[in-house]
Each structure stands twice: as structure tokens, then as C-alpha cells.
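In what follows, a structure is listed as C-alpha cells, so that the remarks can point back to it.
The values are calculated or read from the model by the stated rules, or taken from the named source; none is laboratory data. What you see is a predicted model, and the numbers here were worked out from it, not measured in a lab. We place every Cβ from the backbone using ideal geometry, glycine too, and count neighbours over all the protein chains shown. Heads up: the accessible areas ignore ligands, DNA and RNA and are worked out on the full protein's heavy atoms, side chains in. Shrake-Rupley method; radii C 1.70, N 1.55, O 1.52, S 1.80 Å.
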Amino acid sequence: MSTDTCITKETAIHTSFNQLFSKAGIAAVEIPLIQRDYAQGRQSQQVTQIRERFIADLCDALVDDGKTIDLDFVFGHVLESTLYPLDGQQRLTTLFLLHCYLAWHLPDSEAVTMAWHKFSYATRPSARYFCKFLLKCRPDVAGTTVSEWLTDQAAYLPTWKHDPTIGGMLVTLDAIQTRFASLFPANELHTGM
């Protein structure tokens, strides 16, 4: 599984995204207003290569029991148990999206609220609401992409198509879907891990 180092209260700990909420005592992660849009979903050739390599590394760590991946430092301010990252926003967002994608494939996770669900954006209300929207979804992507399924839902707001962070998240979710499709036959993701 992927791991990150989180620095809080001048103490560094090595942790996974999910453990960030238990080991580090973080109750929520909020991307602060000062941060840029989610950039790992941009469509340039260079960003596409970076995104595909990063997702491949994350997925390889998931399917190779015992393998870890070091994602370098994630740090920021912790106020009232909420982490406001100053560095690591892109990696944290990608890990959140990966967790969403995996949870969609676990039949028993539908009604379960996980600690990592407390992830949001302060940059724009649309990005914050989109993160909540993702947590409520159970995409049926047989014959379609995650982004096509999500954007076809009644709860998907038309204004979201103008938000570059949401657009980037959709691109990344499709890239995660493509990577897992290459690793697992259709509908066998939950039995393969």
C-alpha cells in the first residue's frame, strides 16, 4: 500500500492515506484556499505521463503484497484535528480518488463511513461538493468510463464542467479505471485484492 510521511506538531510519522486519520490523529483533510487546482488530471503530454506513472506505482503497490511506495513529505498546519496541507495536495487528492474507486468495488462498503471520507477542498465550493458527491456514488461502469457515468448522474451539477479541479479528478478517475482494467478482468477487482 502507498505510504506518505506526515509532519504534524514537528513530529514526522510514516503512514498510509487511511492511517493518516488514525496514526496522526487527523480527523479531516481540507485543501486550503491558497492551493492551486488539482493538476494531476491535466491533459498535457507531460502531466499524462506523470499521472499514468504515479497511478501505476500506486496500483502496483496495492496488488504486490508487502510492497510500499514512498511518496515523500506531506506537511501543513493542523488546526482542531484538520490537516491543511501546504505540500502534498496533489498526492493526497490522487490517494482520495484511488480510495473512492476501490470503495466502489467493495460490496460491503456502500453504507460504511470511513475516516478518509473527511477529505475536502476549500478552493471552491464546487470541488468540496464534488468530493461529497463521489462518496455517495456507486458507479456502474460496464461499457463506459467513470467520468461518463458520473457526469450522467442527476446529482452531477452542470456548473461542475467548468471547474478545472473537478475536470482533473474525472481524468484521474478514468486513468485509475484504465489501470485496474489492465490488471483485473471486468467485475473481478474486489476478488483480486
- The simple spin-label model distance between Lys136 and His162, using points 7 Å out along Cα→Cβ, in nm, is 2.2 nm
- Message: Could you tell me the calculated FRET efficiency between Glu148 and Gln49, based on Cβ-Cβ distance and R0 = 30 angstrom, to the nearest 0.05?
- Response: 0.80
- Net charge dipole size for segment 61-193 [Lys, Arg +1 and Asp, Glu -1 on Cβ; Debye, nearest 20]: 420 debye
- Message: Over segment 31-106, with the other protein chains present, what is the accessible area per residue in square angstrom, probe 1.4 angstrom?
- Response: 50 Å²
- Selection from Gly66, Thr94, Ile55, by position along the positive dipole direction of segment 55-104 (Cβ): Thr94
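So what is the calculated 222 nm ellipticity per residue for the chain, using -39500 (n - 2.57) for each DSSP H run with n of 4 or more, over all residues, to the nearest 500 deg cm²/dmol?
Numbers: 7 runs with 84 residues, N = 193.
When only DSSP H runs of four or more count, the value is -13500 deg cm²/dmol.
Using only the Cα atoms of segment 7-100, build the gyration tensor, take square roots of its eigenvalues as a ≥ b ≥ c, and label the shape rounded, prolate or oblate: rounded if a/c is under 1.5, else prolate if a/b is larger than b/c, else oblate. Could you put the intermediate results ahead of the total?
Details: a/c = 2.21, a/b = 1.27, b/c = 1.74.
Oblate, since a/c reaches 1.5 and b/c is not below a/b.
When a/c is below 1.5 the answer is rounded, else prolate if a/b is larger than b/c, else oblate, so apply that to segment 64-160 with a ≥ b ≥ c taken from the square roots of the Cα gyration tensor eigenvalues. Display every interim value, and only then the final one.
Details: a/c = 1.88, a/b = 1.28, b/c = 1.47.
Note, shape of segment 64-160 comes out oblate.
Can you pull the percent of the chain's accessible area that's carbon plus sulfur, 1.4 Å probe, other chains left in place? Provide the component values of the computation, followed by the final result.
Working: 5260 of 10040 Å².
About 52 percent, which is the carbon plus sulfur part of the accessible surface.
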- Note on the structure: Checking segment 42-140 for chymotrypsin sites (Phe, Trp or Tyr not before Pro) in a loop per DSSP with at most 15 other beta-carbon atoms within 10 Å yields none
